[in-house]
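Report on the structure given below.
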């Protein structure tokens, strides 16, 4: 019983920290992201992704497919799709920061 209580508290704490991280982020309105300087930086950062990560990211964000659809199309596990999306977001964030476009984060 005690172990179950500790696990529940740990999961709640992790969830709360993720919500707090999300609330601290500032987002660019999609229309603003298409302004020339932002679009150019995003394209450059996007080209630096590995081909596999770029494909999954394109299918998810630009085509609008669900993760299970992407997995089926590419013949990879859903977990791999999730990993590639996570890695892509992380790399894009880091590269955009390096490019001086903190407004994307």
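Numbers for the structure displayed
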item	result
Value of relative contact order over the range 38-105, rounded to a whole percent, pairs C-alpha under 8 Å and six or more apart	37
FRET efficiency, residue 66 to residue 86 (Cβ-Cβ, R0 22 Å, nearest 0.05)	0.90
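Just so you know, all these numbers are worked out from the coordinates, no wet-lab data involved. Here the structure is a predicted model, which means the values were calculated and not measured. Using ideal geometry, Cβ is built from the backbone for each residue, glycine included, and neighbour counts are taken over all protein chains shown.
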